[in-house]
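The next block holds one structure in the form of structure tokens; read it before the comments.
The values are calculated or read from the model by the stated rules, or taken from the named source; none is laboratory data. Just so it is clear, the model here is predicted, and its values are computed rather than measured. Cβ atoms come from the backbone with ideal geometry, glycine included; neighbour counts cover every protein chain shown. What goes into the accessible areas is simple: the full protein's heavy atoms, side chains included, and nothing from ligands, DNA or RNA. Shrake-Rupley method; radii C 1.70, N 1.55, O 1.52, S 1.80 Å.
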Amino acid sequence: MIPRLLVLLVILSACQSESKKVNVQLDHMHTSESQVFQGFSFLGDSLFTQVDSVSQKAQLEKLQLAEQAYEDEQTLEHLIWIGRREAYLGRHDLAIKTFSKAIKDFPTAYEPLRHRGHRYISIRKLDEAIIDFEKAARLMEGLPIQIEEDGLPNALNIPLSSVQFNVWYHLGLAHYLKGDFEKALAAYQQCMQVSDNDDLIVATLDWYYMTLVKLDRMEEAKQAISIVREDMEIIENDAYFRRILMYQGKISPSDLMTTNKASDEQRLQYVTQGYGLGNHYLALGDTLMAKSIFQHVLETGYWSAFGYIASEMELAKLE
């Protein structure tokens, strides 16, 4: 049994105030600070996360259950769930350590590489992410599609993606964020082959379209999204779906940003829509409008979201 990477001492007494934060203790460090450093943004800003025992009580309890399950049975699946729960709390540093242990203990498994690569993207370590995804792709080659259980289920509680999809999708994103659009395109082409429902199709096609636009291959970009129809059955990727409808001219840019960025429930939608819209204006040559939208995305503070990271990347290039 390994020492727990994360011991969250949650004081949930009746007198606890809303401002009470979780004390986080690692196996090698103790801190009483509410904010924990995670990395640097593409603009050079420090990225911090904090765990709140009130608002994140449910996630803390799920992490404790994941830790207990691993203590009872030290399987790859249980270890991965500890890392995933840590990541959902914003502790990407701890999640990366957990996935690293899984990679060491289960060297032929591609699943922990998929998850560690994802969290490397979160903290802007793109080269490390690419190495993980490329190794995962080699290990999973020729194996059956493996459905990936959702940690944050959609409205219908139906898992939609596979580990294979997530490896190619995130590999494409890592290359895209580095500005290596040819390699991003190749990854998204692989991703399309395992995008087997409408939600995955629109998610992949959106980034595929934007990659082709970056390569100034507009006709190919338009042709790629021509398969998207307004009657597609979308369960969770409505933001990508609406972005594509905007690219097709079926909805206006003003209709895209109707979500409330101040709402916790709608922030991710706002960030996702925002990057797509900003990038649309950037492709049209309207740099001022694009920069304004990217800045609005950054004002949400949702720094682990892909739309935020991409907006940050664009602003760094435009400075």
>> Sort H118, H296 by heavy-atom solvent-accessible area, probe 1.4 angstrom, most to least.
In response: H296, H118
>> Please report, ordered by residue number, every helix of the chain (full DSSP H runs) that is 15 Å or longer along its axis going by C-alpha atoms and whose mean Kyte-Doolittle hydropathy reaches 0.0.
In response: 126-140, 163-178, 198-214, 287-298, 306-318
> Counting only the backbone N, which residues of segment 48-86 are under 20 Å from the spot 7 Å out from the Cα of Q35 toward its beta-carbon?
Replying inline: 48-56
> Charges only on Cβ, +1 for Lys and Arg, -1 for Asp and Glu: so what's the dipole of the chain about the Cα centre, in debye to the nearest 20?
Replying inline: 640
> What value, in deg cm²/dmol to 500, does the helix sum -39500 (n - 2.57) over DSSP H runs of n ≥ 4 give at 222 nm once divided by the residues of the chain?
Replying inline: -17500 deg cm²/dmol
> Pulled fully out, how much extra length does the chain show between K57 and T287, if you take 0.36 nm times their separation in residues and subtract their Cα-Cα distance?
Replying inline: 78.6 nm
> Which FRET efficiency value, to the nearest 0.05, do you get for K317 and D72 by plugging their Cβ-Cβ distance into 1/(1 + (r/R0)^6) with R0 = 41 Å?
Replying inline: 0.25
> If the chain between D196 and D45 were fully stretched, how many nm would it gain, using 0.36 nm times the residue separation less the Cα-Cα distance?
Replying inline: 50.5 nm
>> Quick check: residue separation of S226 and I131 times 0.36 nm, minus the Cα distance between them. What number comes out in nm?
In response: 30.9 nm
>> How far apart, in nanometres, would the label points at M218 and M257 be if each is projected 7 angstrom from Cα along the Cα-to-Cβ direction?
In response: 2.2
>> Of the candidates V228, V202, V163, which one comes out as most mobile in a Gaussian network treatment of the chain with C-alpha springs shorter than 10 Å?
In response: V228
> Which longest run of the chain has no exposed loop site in it, a site being trypsin sites (Lys or Arg not before Pro) in a DSSP loop with at most 13 other beta carbons within 10 Å, and the site itself not part of the run?
Replying inline: 1-228
